[in-house]
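Down below is the structure, laid out as structure tokens.
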Amino acid sequence: MGKVIAIANQKGGVGKTTTCVNLAASMAATRRKVLVIDLDPQGNATMGSGVDKYDVERTAYELLIEDTPVRDVIVTETSGGYHLIAANADVTAAEIRLMEFFARELRLRNAIASVRDQYDYIFIDCPPSLNMLTVNAMAAADSVLVPMQCEYYALEGLTALVDTISKLAAVVNPELKIEGVLRTMFDHRNRLANDVSDQLKQHFGDKVYRTIIPRNVRLAEAPSFGAPAMHYDKSSVGAKAYLALAGEILRRQEQEAQLTTADRESI
């Protein structure tokens, strides 16, 4: 069964969508089958995947509210080589309409259950706030990947997010955990960035990815061309950083699988 990772941070502008699109494209480049679910009404992950959010026929709204089968909502042709469930302004209405449903926080989990085993990874791009869409993402996910800038306010936001994840785990998804913390838009010349980075490693240990995403013009330019950085400029440091992140995540999963196997054999 595919691994479902929600990419979330309650603070905006931290590289959440950039991470979702570029990590998905990097995983697809390693021949993994990947699905991206855009739950942000801004539809940035949709546009960054080369899909026109104004022209798309079905979105996450139809999936969550109208019970449209997930296979009818998936867009199979994207610039990143992965599949996509798109979003646009209609998804804003989904947040309101979800309040009408029983077990509303489980709508996404139930909707994608039939295709989970068809993908190696499913990445969910969450809105930059804690609302019913984000709750649905975390109820459906195995883990949460947290992109963050190394600045003071980001540390406070991370503390709040960890608390939120803990509460959601207690109520709707006991298996939910932090997949990892990713340092984005990093500038090694910035003393504060290095100080915050050190604090992150002290508090979260090996949950902090070794891979660091630097500030990079190509990463910023790529969405305007409707493509992940590796398809816009694969030689850029940003594209290479996300490929390195994909490799690190794959290695971690292999190590976890080996430990699980060893534990079973010891019983």
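The values are calculated or read from the model by the stated rules, or taken from the named source; none is laboratory data. Because the structure is a prediction, the values reported are computed rather than measured. Every residue, glycine among them, receives a Cβ derived from its backbone with ideal geometry; neighbour counts consider all protein chains shown. When the accessible area is computed, the model is the full protein with side chains, heavy atoms only, and any ligands, DNA or RNA have been set aside. Shrake-Rupley method; radii C 1.70, N 1.55, O 1.52, S 1.80 Å.
Things worth noting here:
- Within region 85-104, the set of residues being open to solvent by 70 Å² or more (accessible area, probe 1.4 Å) and among the acidic types (Asp, Glu) comprises Asp90, Glu100.
- Test: residue in region 159-177 that is touching a strand residue (DSSP E or B) at 6+ places or on another chain (Cβ under 9 Å), in a strand (DSSP E or B), of a type outside the set (D, E, K, R) and touching a residue at least 60 places away in the same chain (Cβ under 8 Å): no
- Of residues in region 184-214 being assigned to a helix (DSSP H, G or I) and of a type in the set (Asp, Glu), the one nearest to the chain's Cα centre (by Cα): Asp206
- Cβ pairs under 6 Å, 6+ apart, first in region 245-267 and under 24 Å from Ile213 (Cα atoms), second not in a helix (DSSP H, G or I): Leu245/Thr211; Glu248/Tyr209; Glu248/Thr211
- Residue under evaluation Thr164, criteria (1) surrounded by 18 or more Cβ atoms within 10 Å (Cβ to Cβ); (2) at pLDDT below 90; (3) within 17 Å of the chain's Cα centre (by Cα), criterion not met: (1)
- The residue of region 235-253 that is farthest from Glu179 (Cα to Cα), among those that are out of contact with any helix residue (DSSP H, G or I) (no Cβ under 8 Å at 6 or more places or on another chain) and either surrounded by fewer than 10 Cβ atoms within 10 Å (Cβ to Cβ) or among the polar types (S, T, N, Q) (or both), is Ser235.
- Residue list for region 71-85, restricted to those being part of a loop (DSSP other than H, G, I, E, B) and out of contact with any Ser or Thr (no Cβ under 8 Å at 6 or more places or on another chain): Ile74, Thr76, Glu77, Gly81
- Within region 179-213, the set of residues being surrounded by fewer than 16 Cβ atoms within 10 Å (Cβ to Cβ) and either at pLDDT 95 or above or among the aliphatic types (A, V, I, L, M) (or both) comprises Leu192, Arg210.
- Pairs with Cβ under 6 Å, 6+ apart, first in region 28-46 and within 18 Å of Met1 (Cβ to Cβ), second open to solvent by 10 Å² or more (accessible area, probe 1.4 Å) and modelled with pLDDT of 95 or more: Arg32/Asp120; Lys33/Tyr119; Lys33/Asp120; Val34/Ala28; Leu35/His83; Leu35/Tyr119
- Filter result (assigned to a helix (DSSP H, G or I), open to solvent by 50 Å² or more (accessible area, probe 1.4 Å) and not hydroxyl-bearing (Ser, Thr, Tyr)) within region 112-142: Ala113, Asp117, Gln118
- Odd one out for Ala60 among (1) open to solvent by 40 Å² or more (accessible area, probe 1.4 Å); (2) within 18 Å of the chain's Cα centre (by Cα): (1)
- Which listed residue is farther than 21 Å from Asn131 by Cα, under 10 Å from the mean Cα position of the chain (by Cα) and at pLDDT 95 or above, from Val4, Val36, Val21: Val21
- Residue check for Leu145: open to solvent by less than 10 Å² (accessible area, probe 1.4 Å), in contact (Cβ under 8 Å) with a residue 60 or more places away in the chain and in contact with an Asp or Glu (Cβ under 9 Å, 6 or more places away or on another chain): yes
- For the criterion of being among the polar types (S, T, N, Q) and closer than 22 Å to Arg31 by Cα, Gln118 passes.
- Identity of the residue in region 86-111, touching a Ser or Thr at 6+ places or on another chain (Cβ under 7 Å) and outside any loop (DSSP other than H, G, I, E, B), that ends up nearest to Glu57 (Cα to Cα): Asp90
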